[in-house]
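Novice: The structure's right below; bear with me while I get my questions together.
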Amino acid sequence: MKKKQPTGRTVLLFSGGLDSVCIAGLMQPDVLLRVPTNSDYDMREAVKAGELAQRYFPNSYYNVAPLIDLHPFERPDHIVPLRNLYMVTHAAQYGETIWLGAVEGDRTLDKSKPFIHMATEMLNFLMQNQHWCERHRYLVLLPVKHMTKRELVSWYVESRLDTRALTESWSCYKSTTLACGDCKPCIRRWVALTLNGVDPGVYDSNPQTSRTLINMRAAAAEGAGNYRGREDADLLEVA
């Protein structure tokens with residue numbers, strides 16, 4: 001049997017959320033890969049990701065990986081331990097350069113530079129030349145980790161890309177027709193779009209009057225930049 005060969009492709013883990021939509025438009029990966037996880041919001045994310053890929057990113061091949069059922073491990077705050085480790089190993093089947101959509105304000109360790117370094121080392125160890133495969137040279141990257149969500153949106157807007165893709169992006173923990181407007185992903189998305197003058201779309205409740213926004217602003221004020229880094233200033237600036 002022929003040995004498994006490298007593909008030479010770049011893969012973006014694509015959820016249809018604001019960060020991955022921006023990266024898809026700005027960096028045009030070979031593959032947009034959605035990995036279903038059976039999370040509480042997975043069904044709505046599946047619809048939005050497929051629609052966005054087809055409508056706005058036809059030059060990238062959209063693919064859906066086999067389901068990995070992480071729902072039993074999903075915490076009440078919707079954090080799934082090791083989530084991006086599962087994602088990266090799935091993405092490794094589709095290409096050797098793997099992009100994760102994470103920005104400065106993301107705090108979980110599976111969106112950190114030490115994580116992507118160790119993930120790269122692990123994949124390169126497992127996929128070195130052996131009896132069943134040729135050597136694969138992997139590189140796991142966080143291409144916009146140095147930017148805040150606001151800065152990422154600003155780059156997208158300044159590049160004169162279609163901002164309707166941003167308006168139609170989905171960053172919500174609820175699997176409903178409208179984004180809730182009250183969970184942390186909704187608030188962070190709303191802040192980044194609002195400060196860039198981009199239509200955030202319709203929410204089930206107004207993010208501007210959300211109790212979550214009030215709490216996040218209080219944490220940003222108290223933390224003096226230690227809550228979500230430079231994103232704290234954006235939380236405090238938004239009207």
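Novice: For residues that are over 13 Å from Pro6 (Cβ atoms) and either in contact with a Lys or Arg (Cβ under 9 Å, 6 or more places away or on another chain) or exposed (fewer than 13 other Cβ atoms within 10 Å of the Cβ) (or both), tally how many sit in the stretch 111-137.
Specialist: 11
Novice: For the stretch 1-34, how many residues are in contact with a strand residue (DSSP E or B) (Cβ under 7 Å, 6 or more places away or on another chain), of a type outside the set (Gly, Ala, Ser) and assigned to a loop (DSSP other than H, G, I, E, B)?
Specialist: 5
Novice: I would also like to ask the following. Right, Pro114: over 13 Å from the mean Cα position of the chain (by Cα), over 20 Å from Asp234 (Cα atoms) and modelled with pLDDT under 95 or not?
Specialist: In short, no.
Novice: Hey, another quick one. Considering only the stretch 153-165, how many residues are in contact with a Leu (Cβ under 8 Å, 6 or more places away or on another chain) and either in a strand (DSSP E or B) or under 26 Å from Lys113 (Cα atoms) (or both)?
Specialist: The number of residues fulfilling the criteria is 3.
Novice: State all residues of the stretch 195-215 that are under 22 Å from the mean Cα position of the chain (by Cα) and either of a type in the set (Phe, Trp, Tyr) or surrounded by fewer than 14 Cβ atoms within 10 Å (Cβ to Cβ) (or both); if no residue qualifies, say none.
Specialist: Answer for the stretch 195-215, where residues must be under 22 Å from the mean Cα position of the chain (by Cα) and either of a type in the set (Phe, Trp, Tyr) or surrounded by fewer than 14 Cβ atoms within 10 Å (Cβ to Cβ) (or both): Gly197, Asp199, Val202, Tyr203.
Novice: May I ask you to say which residue of Ala218, Ala192 is surrounded by fewer than 19 Cβ atoms within 10 Å (Cβ to Cβ) and assigned to a helix (DSSP H, G or I)?
Specialist: That would be Ala218, the only listed residue that is surrounded by fewer than 19 Cβ atoms within 10 Å (Cβ to Cβ) and assigned to a helix (DSSP H, G or I).
The values are calculated or read from the model by the stated rules, or taken from the named source; none is laboratory data. From a predicted model like this one, the values you see are computed outputs, not experimental measurements. Backbone-built Cβ (ideal geometry, glycine too); neighbour counts: all protein chains shown.
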